[in-house]
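S.K.: The structure is given below, and queries will be raised subsequently.
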Amino acid sequence: MQSVHKIYEMIAGFVAAARAQLAARPELREHPENLLQSLLVAAETDTGFDAREIADNVLTMLLAGEDTTANSLAWALYFLARHPEVQTRMRAEVDTALGERALESFEQIRELTYVDAVINEAMRLKPVAPLNVVEANRDLTIGQLRVRRGDAVAILSRAIALRETAFEQPSQFDPERWLLVEGGRRAFNPRSFMPFGSGPRLCPGRSLALLEMKVVLAMIAHHFHVEAACNLDQVTERLAFTMSPHGLRLRLVARG
Ligand code: HEM
């Protein structure tokens, strides 16, 4: 409870700072520089959000947007440390796409299909939201299972991504599998891979998170070699809202 209180205090500080920025620079009302400024302007005009609703939305963005992306990246780096050959391949792709230029356009990012594959594969084996608890709005039957309105249902997104029927040798880290195409189709069932959930509540931050991770991994591959600074076999999964790699220590060695 103390921690929740502290978080709301921090959020009150963010909100006060954003209000002060809006007051000092009224042009920000037309062109807000961040989500919180937009939210505050919208609250005055469109939404009628009260202070508590604004704080709760900021909390959602903090919880849903920060640790999820950071821990997904941490797991991807964990796999890179385990698989130097994957780093070599990633680096070759990034170096070719960038040449002597800096990473500055979507076109360059789009070319990095192997980096995408690494991200997907890391999220398949280590989804930071491996379970998602939802509540049934109405009575329904799923397969042979009857669910009543109001029942809580835990969706195990990792379990479906580890089925032999969905992915060959499912427990192996193999980014290559994401690049295989059979008869113009991917060689896996997309319904077996849902690290961002699915349906109408699909994560709205998906594209942002994927882009952020891609940029960070590309930059790391371009400039550094990732090495373990701990025994990777002793890294464990810790589930506390998101699933993080507990005990992970890595070293980034600058490329010569
Ligand atoms: C790798 C990073 C991320 C992962 C793995 C992730 C995963 C998820 C999952 C599994 C859900 C539940 C979806 C469902 O119920 O079907 C969700 C919801 C949500 N995510 Fe993300 N997320 C990530 C990044 C982000 C980012 C960057 C933002 C915002 C900038 C964000 C904002 C949200 C919000 C607001 C919801 C609630 C949506 C709703 O209930 O309608 N997420 N996310």
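The values are calculated or read from the model by the stated rules, or taken from the named source; none is laboratory data. Computed from a prediction, not measured in an experiment: that's the story for all the values here. Glycine gets a Cβ as well: all are built from the backbone with ideal geometry, and neighbour counts include every protein chain shown. Ligands, DNA and RNA are stripped out before the accessible areas are found, and what is left, the full protein with its side chains, is counted by its heavy atoms. Shrake-Rupley method; radii C 1.70, N 1.55, O 1.52, S 1.80 Å.
S.K.: Using the structure shown, decide if Ala117 is open to solvent by less than 90 Å² (accessible area, probe 1.4 Å), of a type outside the set (Asp, Glu), in contact with a helix residue (DSSP H, G or I) (Cβ under 6 Å, 6 or more places away or on another chain) and modelled with pLDDT of 90 or more. Spell out the reasoning first.
M.R.: Working: open to solvent by less than 90 Å² (accessible area, probe 1.4 Å): yes; of a type outside the set (Asp, Glu): yes; in contact with a helix residue (DSSP H, G or I) (Cβ under 6 Å, 6 or more places away or on another chain): yes; modelled with pLDDT of 90 or more: yes.
Yes; evaluated as a whole, the condition is true for this residue.
S.K.: Another question, if that's okay. Considering (1) farther than 24 Å from Thr242 by Cβ; (2) crowded, with 17+ Cβ neighbours inside 10 Å, say which one Asp50 fails and leave the rest.
M.R.: (2)
S.K.: All but one of (1) within 16 Å of the ligand (Cβ to nearest atom); (2) of a type in the set (Gly, Ala, Ser); (3) at pLDDT below 90 hold for Ala136; which doesn't?
M.R.: Here Ala136 meets the rest and fails (3).
S.K.: Another question, if that's okay. Which residue, of Thr113, Thr68, is among the polar types (S, T, N, Q) and more than 13 Å from the ligand (Cβ to nearest atom)?
M.R.: Unique residue meeting the criteria: Thr113.
S.K.: Search the stretch 160-188 for residues being in a loop (DSSP other than H, G, I, E, B) and at pLDDT below 85, and hand back the single one that is surrounded by the most Cβ atoms within 10 Å (Cβ to Cβ).
M.R.: The residue in question is Phe188.
S.K.: Quick check on my filter: what residues within the stretch 73-84 are in contact with a helix residue (DSSP H, G or I) (Cβ under 6 Å, 6 or more places away or on another chain) and under 19 Å from Leu239 (Cβ atoms)?
M.R.: Result: Leu73, Trp75, Ala76, Phe79.
S.K.: Which residue pairs have Cβ atoms under 7 Å apart, sit 6 or more places apart or on different chains, and have a first residue in the stretch 200-220 that is of a type outside the set (A, V, I, L, M, F, W, C) and a second that is more than 6 Å from the ligand (Cβ to nearest atom) and part of a helix (DSSP H, G or I)?
M.R.: Correct list of pairs: Lys214/Ile109; Lys214/Val115; Lys214/Asp116; Lys214/Ile119.
S.K.: Is it true that some residue in the stretch 172-186 is within 13 Å of the ligand (Cβ to nearest atom), free of Cβ contacts under 8 Å to residues at least 40 places away in the same chain and either farther than 20 Å from Asn120 by Cα or among the polar types (S, T, N, Q) (or both)?
M.R.: Looking through the stretch 172-186, none of the residues is within 13 Å of the ligand (Cβ to nearest atom), free of Cβ contacts under 8 Å to residues at least 40 places away in the same chain and either farther than 20 Å from Asn120 by Cα or among the polar types (S, T, N, Q) (or both).
S.K.: Would you pick out the residues in the stretch 189-214 that are near the ligand (Cβ under 6 Å from one of its atoms), loosely packed, with under 15 Cβ neighbours inside 10 Å and of a type in the set (A, V, I, L, M, F, W, C)?
M.R.: Result: Leu202, Leu208.
S.K.: Restricting the search to the stretch 71-90, which residues are free of Cβ contacts under 8 Å to residues at least 60 places away in the same chain and within 15 Å of the ligand (Cβ to nearest atom)?
M.R.: none
S.K.: Working only within the stretch 209-256, note down all residues that are of a type in the set (A, V, I, L, M) and part of a loop (DSSP other than H, G, I, E, B).
M.R.: Step one: of the stretch 209-256, the residues of a type in the set (A, V, I, L, M) are 209-211, 213, 215-221, 226, 228-229, 232, 235, 239-240, 243, 248, 250, 252-254.
Selection gives Ala229, Val235, Leu248.
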